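Chemist: What follows is a structure written as structure tokens; I'll ask about it next.
No value in this document is a laboratory result; all are computed from the given coordinates. Just so it is clear, the model here is predicted, and its values are computed rather than measured. Glycine gets a Cβ as well: all are built from the backbone with ideal geometry, and neighbour counts include every protein chain shown.
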Amino acid sequence: MKSVTVNASTPYEVVIGSGVSAKIGEYMQELGRSGKVMIVSDTNVAPLYAEGVADQLVYHGYEPTIFTFDAGEESKNLSTYGDILALLAEEGFTRTDTVLALGGGVVGDMAGFAAATYMRGVAFINMPTSLLAAIDSSVGGKTAVDLPQGKNLVGAFYQPRLVLFDTDFIKTLPYDEIRNGLGEGVKYAVLEGGEIFDILSSGLTSDNLEDFIALSVDAKRRIVEEDEWEKGKRKLLNLGHTVAHAVETLTEYVVPHGVAVAYGVRVMSRLAHDRGELSDEDYYKIEELLLENDLGLELNPVEELIPYFSADKKKAGRTLTLVTIAGIGDCRLTEIDIEDVARYFEGN
């Protein structure tokens, strides 16, 4: 088992290990939580784990309620968010109670945003069940829902009280979900280099899984602690995301987030190499990394994606902040005028 402490505005532990989900009641008691718990999950995860988590909570004296919504990004909307709030109110939840996310990134975003806004904030615990959520979206306090105009346009920064990832959950994930998580892992490998890059270059296994997750979480921890509200350095975590969000929107989320991020990293790597900003050596290492993890994809060409960049949250006024790659472990924030974006990507 491994643990990472995130010293954000609300400090919390990220606990990673086999069987830790069975100890949810004990962890909640250690946090001093009592009363009701709303377990928010989706139709993929709830049949596998929700009743087991609820039983553990009952055993430790809690009163769980399960809210389940249809799995998929298309459910990450104001309607589902409103349904969660309505059930919280109907069940008489107060500020002394807890919302618990049990699922992937969509579930975490939805449950976290509901927790952040119900009665102006109730305690939130995140139990990610996907690799992508474990290494990225469950940590850092970003919560959101989508609008038809774009991804994550309504949300709040709201830190959890605890993140608990049971590595046994990986055993039930289909290959496509593992690959999706590896797509976000590629982002950390390029941002950080070092051990994360080496692990993904050699291949993720059961032997290095905990190390990979802990290293990724720790990389995010350092950035979040320095810039919790995303005023500067935290924007580096958006490597590949401008392209990824455009792909997701254009394909109506048929392309999953992690896969889209990996493609975004590939586009930015190719662009940097074409512009003479990234060495041949690092460029080919990134290409090999993508191929090793079955992520050497060609998706929508950039010229199709550029019109969607203007809806990206990383745009401020007429300026778009891109995360550019100067080398493995050396990524930078580059501001581009919206009018110049097409020219900037020219030839890629």
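Chemist: Can you classify the range 2-172 as rounded, prolate or oblate using the Cα gyration tensor, where a ≥ b ≥ c are the square roots of its eigenvalues, rounded means a/c under 1.5, and otherwise it's prolate if a/b beats b/c and oblate if not?
Modeler: Taking the square roots of the gyration eigenvalues as a ≥ b ≥ c, the range 2-172 is rounded.
Chemist: Where does the chain land at 222 nm, in deg cm²/dmol rounded to the nearest 500, when only DSSP H runs of n ≥ 4 count, each adding -39500 (n - 2.57), divided by all residues?
Modeler: For the chain, the value works out to -13000 deg cm²/dmol.
Chemist: Kindly work out what percent of the DSSP beta bridges joining two residues of the range 2-172 are antiparallel, to the nearest 5.
Modeler: Of all bridge pairs located within the range 2-172, approximately 30 percent are antiparallel.
Chemist: In terms of the Cα gyration tensor, with a ≥ b ≥ c the square roots of its eigenvalues, is the range 240-330 rounded because a/c is under 1.5, prolate because a/b exceeds b/c, or oblate?
Modeler: It is oblate, given that a/c is not under 1.5 and a/b is not larger than b/c.
Chemist: Ok, one more. Please name which of 183, 216, 250 has its Cα lying farthest along the dipole of the range 175-344 towards the positive end, using unit charges on Cβ (Lys, Arg +1; Asp, Glu -1) and the Cα centre as origin.
Modeler: The one lying farthest along the dipole's positive direction is 250.
Chemist: Evaluate the relative contact order of the chain (contact order divided by residue number), counting alpha-carbon pairs under 8 angstrom at least 6 apart; express in whole percent.
Modeler: 15
Chemist: Quick check: net charge around residue 273, other residues with Cβ under 10 Å of its Cβ, Lys/Arg +1 and Asp/Glu -1?
Modeler: Values: positive: 270, 275; negative: 274, 277, 280, 282, 287.
So the environment of residue 273 carries a net charge of -3.
Chemist: For the chain, set up a Gaussian network in which alpha carbons nearer than 10 Å are linked by springs, and say which option among 228, 91, 184 fluctuates the most.
Modeler: Result for the chain, Cα springs under 10 Å: 91 fluctuates most.
Chemist: Given the pairs 36/171; 142/233; 2/76; 36/233; 171/285, which span a C-alpha to C-alpha distance of over 27 angstrom in this model?
Modeler: Exceeds cut-off: 36/171; 2/76; 36/233; 171/285.
Chemist: What angle, in degrees between 0 and 90 and rounded to the nearest 10, separates the Cα long axis of helix 280-292 from the longest principal axis of the Cα atoms of the chain?
Modeler: Tilt of helix 280-292: around 40 degrees.
Chemist: Follow-up question, since we're still on this one. Within 10 Å, count the other beta carbons around each residue, average over each peptide in 35-47, 93-105, and list them highest first.
Modeler: The packing order, highest mean first, is 93-105, 35-47.
Chemist: What share of the DSSP beta bridges in the chain is antiparallel, in percent to the nearest 5? If you can, show how the numbers build up before the last one.
Modeler: Working: 20 of 44 bridges.
So the antiparallel bridges in the chain amount to around 45 percent.
Chemist: Let me ask something else. Let me know the shape class of the range 171-295, please: from the alpha-carbon gyration tensor, a ≥ b ≥ c as square roots of the eigenvalues, rounded when a/c is under 1.5, otherwise prolate if a/b is greater than b/c, or oblate.
Modeler: Rounded is the answer for the range 171-295, as its axis ratio a/c remains below 1.5.
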